[in-house]
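The values are calculated or read from the model by the stated rules, or taken from the named source; none is laboratory data. Values in this document were obtained by computation on a predicted structure and should not be read as measured data. As a convention, Cβ positions derive from the backbone with ideal geometry for all residues, glycine included, and neighbour counts pool all protein chains shown. With ligands, DNA and RNA removed, areas are computed over all heavy atoms of the protein, side chains included. Shrake-Rupley method; radii C 1.70, N 1.55, O 1.52, S 1.80 Å.
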Amino acid sequence: MNLGIDFLPELDRRKTQAAVESVLDNYRVAKYLAYEEKEASTTQSYADFVPSPTNVTSDQTAKIAIHNVDIQKQRRMYCERIERAVSRLHPKERLLITERYMKEDFNGEYVKDYQVYNFKFNPPISKDTYTKIRWKAFYKLALILDIAVPKS
């Protein structure tokens, strides 16, 4: 009996998981690492050069300001995109992804899978159940974020 679910692609599990984990790792970096803004050089430097007739003036301070604003905006938009995708997941999948991949650890250690399925889920779940929930979450995120790797 065909239920009309043929449109869901079969994905390469290992490559898709690597792609989703890479995106979530980039999210963590963009979200929690401080961005060091560029600053304009205030010390005047002299150099011999022949002026070229391009009629273009260079405004170093404006270029740096635009760069600083654009980078911050790109990081914020990237994080918001990932957060929107995760918010569309089932509550158990969302809990798993946020606790394992999206939260900042102030101790400098990464959260391990066993810590999530033993201590974050209430009641705790088995490793096999955790693996099933994680794959469902990765599958959905890969499709939502358009990073799915189809099985060849």
Meets criteria (closer than 21 Å to residue 28 by Cβ and open to solvent by 50 Å² or more (accessible area, probe 1.4 Å)) for residue 94: yes
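Please tell me if residue 51 is modelled with pLDDT of 95 or more and outside any helix (DSSP H, G or I).
Against the criterion (modelled with pLDDT of 95 or more and outside any helix (DSSP H, G or I)), residue 51 does not qualify.
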Sole residue being touching a helix residue (DSSP H, G or I) at 6+ places or on another chain (Cβ under 9 Å) and within 20 Å of residue 78 (Cα to Cα), chosen from 103, 136: 103
Total residues in region 73-87, condition in contact with a Leu (Cβ under 9 Å, 6 or more places away or on another chain) and open to solvent by 50 Å² or more (accessible area, probe 1.4 Å): 1
Odd one out for residue 104 among (1) open to solvent by less than 50 Å² (accessible area, probe 1.4 Å); (2) within 15 Å of the chain's Cα centre (by Cα); (3) at pLDDT below 95: (1)
Region 111-149, subset within 23 Å of residue 81 (Cβ to Cβ) and among the aromatic types (Phe, Trp, Tyr), residue surrounded by the fewest Cβ atoms within 10 Å (Cβ to Cβ): 135
From 28, 13, residue being modelled with pLDDT of 80 or more and open to solvent by 100 Å² or more (accessible area, probe 1.4 Å): 13
From 147, 133, residue being at pLDDT 95 or above and assigned to a helix (DSSP H, G or I): 133
